[in-house]
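The structure appears below as structure tokens.
The values are calculated or read from the model by the stated rules, or taken from the named source; none is laboratory data. The structure presented is a predicted model; accordingly, all values stated were derived computationally and were not measured. Backbone-built Cβ (ideal geometry, glycine too); neighbour counts: all protein chains shown. Note: areas computed on protein heavy atoms with side chains; ligands, DNA, RNA excluded. Shrake-Rupley method; radii C 1.70, N 1.55, O 1.52, S 1.80 Å.
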Amino acid sequence: MSLGKYLALDKVATFFNIVRQNGGIRASLYKLYRQDELKDGVLIGEDKFGNKYYENPRYFFSRNRWVEYSDKFNMDYDGSQVPAEWFGWLHYKTDLPPHQDPSRPKYKWMVEFTENMSGTTGQYTPYSTTRPKIEPWQPPKKSSV
């Protein structure tokens, strides 16, 4: 075993390579703050919302594809902000990213993608036009004598 491998100098070099690829120390710290991890990978594509999709085959299977959410989402991002075509690529339903997949149909009746708005002011709230069958009890008012 070589001295460099014994002192883990290859891991240090990999770390500095990851920091360099992520844009330097300041950008790496920002990315670490937002995503809790630093990774190096090849940019596969970007969707219309600004999310970027990466791949690195050196990582474990199911950990080698990931998304970096757009800065416009700030810290309020979740999995429902990934469009369906990219969801399929992220979860290994296809090996071709959406912009390289010729078999992906696009029909005019297909609805445009929207994220899940539950828990926000834009959530769907149903209302009823019928009277409720059970009404709350109202205590009788005291008459003043």
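Side notes on the structure shown:
- Packing, taken as the mean count of other beta carbons within 10 Å per residue, orders the peptides 100-112, 48-60 from highest to lowest as 48-60, 100-112.
- Angle in degrees between helix 25-35 and the longest Cα principal axis of the chain, rounded to the nearest 10: 40
- For segment 47-111, the alpha carbon convex hull comes to 107 Å³ per residue, rounded to a whole number.
- Nearby aspartates and glutamates by direct alpha-carbon distance to Lys52 (threshold 17 angstrom, same-chain neighbours under 8 apart not counted): Asp36, Glu37, Asp40, Glu68, Asp71, Asp76, Asp78, Glu85, Asp95, Glu115
- Carbon plus sulfur fraction of accessible area for the chain, probe 1.4 Å, in percent: 58
- Its convex hull of Cα atoms gives the chain a direction-averaged projected area, equal to a quarter of the hull surface, of 19.7 nm².
- Degrees separating the helix 9-21 axis from the principal Cα axis of the chain, which is the longest one: 50
- Once Rg and the Kirkwood radius are both taken over the C-alpha atoms of segment 1-78, their ratio Rg/Rh works out to 1.04.
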